[in-house]
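Asker: This structure is in structure tokens; I'll ask about it shortly.
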Amino acid sequence: MLSNPSQTLTALTIAGSDSSGGAGIQADLATFANFNVHGLSVITALTAQNPQGVHRVSLSSIEQITAELNAIEILKPAAIKIGMLANSEILNSVNQWLNQQPVPVVCDPVMSATSGGSLLDNNGIADFKNLLNNITLLTPNIREAEILTGTNIATVEDIQLAADNLLAMGADSVLITGGHFLEESDVCLDYFKNAEQQYWLRGKRIATVNNHGTGCTLSSAIAAALAHGYELIDAVVLGKMAVSQGLSQAQSIGNFTGAVAHPGGPCRIEFLPEILPANAHPLEYKTPAFSRCTTEPLGVYPVVDSADWVEKCLAEGVPTVQLRVKDLPEDTLRELVKQSVAAQQKYGGQLFINDYWQLAIEYGAYGVHLGQEDLDTADIHQIAEAGLRLGVSNHAWYEIARAHAIKPSYMAIGPIYSTPTKVMRFAPQGLEQLQEWVDLLKSEYPMTAIGGINLERAPAVAKSGVGSIAVVRAVTEAADYKAAINELNNSLQAEL
Ligand SMILES: Cc1ncc(COP(=O)(O)OP(=O)(O)O)c(N)n1
Ligand SMILES: Cc1nc(C(=O)O)sc1CCOP(=O)(O)O
Ligand SMILES: [Mg+2]
């Protein structure tokens, strides 16, 4: 899933062995390998199980578990995944060791096997809250959330309440998975919450009985992504994609139910989850219907700060242009938008207005370009209903999943290289990340790449197949802007 890092990354799973190979340590190590992370393992218990049931459980001694934990410490796991803990004695000794660990911990509160056998005794369940202060992300399914909170979960509101309870019990963040919620629906809804944010993840429901190891795969995939240094919210998206893709390829074993597959390789867009807008009800949210762009790919895309520049670029035949201005008085802004729309009517082309979506609607611009922060406040449905196109900026997996819920007219990816034009919270993506996102998204969205792209870098960017290059300085600071537009266009045309 994630490419090879420059040095070996390690992640640790503390879990039980599943003799049938689909869950537990076996699933965790396969998942780590898929994410190019070296897996360390501390085995809390050996289970003799197959798809018909758990036949026997043999617990590791506390001495053995402690020795293994201490032994692997020098290999510096960059993230930890916790699965089966079996009883309160093991739980409390693992917890004591976790107190000294400075890395993120993802915990799947394993209580029973898919086939029904108990994997955590009642004292362990009672002591579970002891562990929660050391947990970065808890990933219970509905049943586990019910047991940990002592509540019944039947509705969207019940899930939200359970998440609040689990946070109050001490977990930093919680992801309640919805595999067993609204099972007849064609979507699967998971709910994420922490002190900073809450959102619903909506993914395609993969209807299969071969789902052994789903919770193990999700939690270890998130841990592996954290080991790579991803933010938690991005790691959750990557974990969800790995599970959906794995379920889509899961097969039975002979006549027996099988487990989540670990196919590796690039992810397909059908497995990219949507992160629904924060104020949307997950059962009522309607995806806006944005018009497609007229000219796709979007081609050379200058991002400029005056109506004069809009006109010069459109006169030069660029297919797409953006008016991007900041901190101007209302009167000046109106005049700029009005003149830019007039230039578009004269020369044709696709004019996007950055930020000022109401003015864009009022003056009949071709489209609006919004950043992720703007998505919190803009009325997305109003923009779509007014017939304007929408472009959205993306800098991370979380943002892509968020934009995917809106189905914009195009997706912008940036910053590809570092740029002095704008203070960015994100490191440069580089060409490899650009390529991964182009391969994932291009079948559904026209795309553009932005950030630090100049004439020398344009051929390499165009090679990704992105189909469009958005630039500020490469046009507005060029000695000869017409020649610059021409050269950028040549780079793109060479890859069509
Ligand atoms: C084509 C394109 N991509 C990204 C951006 C950045 O937009 P945004 O995140 O809204 O940031 P500001 O431009 O408003 O600073 C863009 N403008 N155009
Ligand atoms: C406005 C903007 N948005 C970016 C993003 O990554 O979202 S990068 C960027 C600045 C691009 O300027 P230049 O072409 O001069 O590097
Ligand atoms: Mg903006």
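Asker: Could you go through segment 342-352 and let me know if any residue there is modelled with pLDDT of 95 or more, within 14 Å of ligand 1 (Cβ to nearest atom) and open to solvent by 40 Å² or more (accessible area, probe 1.4 Å).
Answerer: no
Asker: Do the conditions hold for residue 276, that is, is it in contact with a helix residue (DSSP H, G or I) (Cβ under 8 Å, 6 or more places away or on another chain) and not polar (S, T, N, Q)?
Answerer: No; evaluated as a whole, the condition is false for this residue.
Asker: Which of the following residues is in contact (Cβ under 8 Å) with a residue 40 or more places away in the chain, of a type in the set (D, E, K, R), within 30 Å of residue 480 (Cβ to Cβ) and open to solvent by 60 Å² or more (accessible area, probe 1.4 Å): 311, 335, 296?
Answerer: Matching residue, one of 311, 335, 296: 296.
Asker: Take residue 360 and decide whether it is without any contact (Cβ under 8 Å) to a residue 40 or more places away in the chain and in the same structural domain as residue 214 (by TED's automatic domain parsing).
Answerer: It is false that residue 360 is without any contact (Cβ under 8 Å) to a residue 40 or more places away in the chain and in the same structural domain as residue 214 (by TED's automatic domain parsing).
Asker: Moving on to the next point. Taking segment 129-142, which residues are out of contact with any His (no Cβ under 7 Å at 6 or more places or on another chain) and over 20 Å from residue 103 (Cα atoms)?
Answerer: Listed by number, the list holds a single entry, 140.
Asker: Let me ask you something else. Which strands (runs of 3 or more DSSP E) sit wholly inside segment 134-239 and have at least 1 residues that are closer than 27 Å to residue 92 by Cα?
Answerer: It comes to 173-176, 187-194.
Asker: Can you tell me how many residues within segment 402-420 are open to solvent by 30 Å² or more (accessible area, probe 1.4 Å) and more than 16 Å from residue 277 (Cα to Cα)?
Answerer: Qualifying residue count, segment 402-420: 4.
Asker: If you don't mind, there's one more thing I want to ask. So residue 467 fits all but one of (1) in contact with a Lys or Arg (Cβ under 8 Å, 6 or more places away or on another chain); (2) within 15 Å of ligand 2 (Cβ to nearest atom); what number is the exception?
Answerer: Residue 467 satisfies every listed condition except (2).
Asker: Here is a follow-up. Got a sec? Which of 385, 399, 444 is of a type in the set (Asp, Glu), at pLDDT 95 or above and crowded, with 21+ Cβ neighbours inside 10 Å?
Answerer: Result of the check over 385, 399, 444: 399.
Asker: Every residue in segment 466-496 that is open to solvent by 20 Å² or more (accessible area, probe 1.4 Å) and assigned to a loop (DSSP other than H, G, I, E, B), please.
Answerer: 472, 477, 478, 479, 480, 494, 495, 496
Asker: Shifting gears a bit: Listed residues 380, 416, 361; which is within 25 Å of residue 306 (Cβ to Cβ), β-branched (Val, Ile, Thr) and more than 16 Å from ligand 2 (Cβ to nearest atom)?
Answerer: 361
Asker: Test residue 423 against the stated conditions and say whether it is modelled with pLDDT of 95 or more, hydrophobic (A, V, I, L, M, F, W, C), open to solvent by 30 Å² or more (accessible area, probe 1.4 Å) and within 14 Å of ligand 3 (Cβ to nearest atom).
Answerer: Yes; evaluated as a whole, the condition is true for this residue.
Asker: Looking at segment 248-267, I want the residues that are within 15 Å of residue 22 (Cα to Cα) and not assigned by TED's automatic domain parsing to the domain that holds residue 434 and have a partner that is open to solvent by 70 Å² or more (accessible area, probe 1.4 Å) and assigned to a loop (DSSP other than H, G, I, E, B) with Cβ atoms under 8 Å, at least 6 apart or on another chain. Which pairs are those?
Answerer: 252/209; 256/52; 257/114; 257/209; 258/251; 261/249; 261/251; 263/249
Asker: Another question, then. Name the single residue that is most open to solvent (accessible area, probe 1.4 Å) among those in segment 447-457 being of a type outside the set (S, T, N, Q) and within 11 Å of ligand 2 (Cβ to nearest atom).
Answerer: Per the stated criteria, the residue is 457.
Asker: Does segment 357-375 contain any residue that is within 10 Å of ligand 1 (Cβ to nearest atom) and among the acidic types (Asp, Glu)?
Answerer: Looking through segment 357-375, at least one residue is within 10 Å of ligand 1 (Cβ to nearest atom) and among the acidic types (Asp, Glu).
The values are calculated or read from the model by the stated rules, or taken from the named source; none is laboratory data. Please read these numbers as outputs of a predicted model, since none were measured by experiment. Positions of Cβ are generated from backbone atoms using ideal geometry, with glycine treated the same way; all protein chains shown enter the neighbour counts. The accessibility values were calculated without ligands, DNA or RNA, using every heavy atom of the protein model including side chains. Shrake-Rupley method; radii C 1.70, N 1.55, O 1.52, S 1.80 Å.
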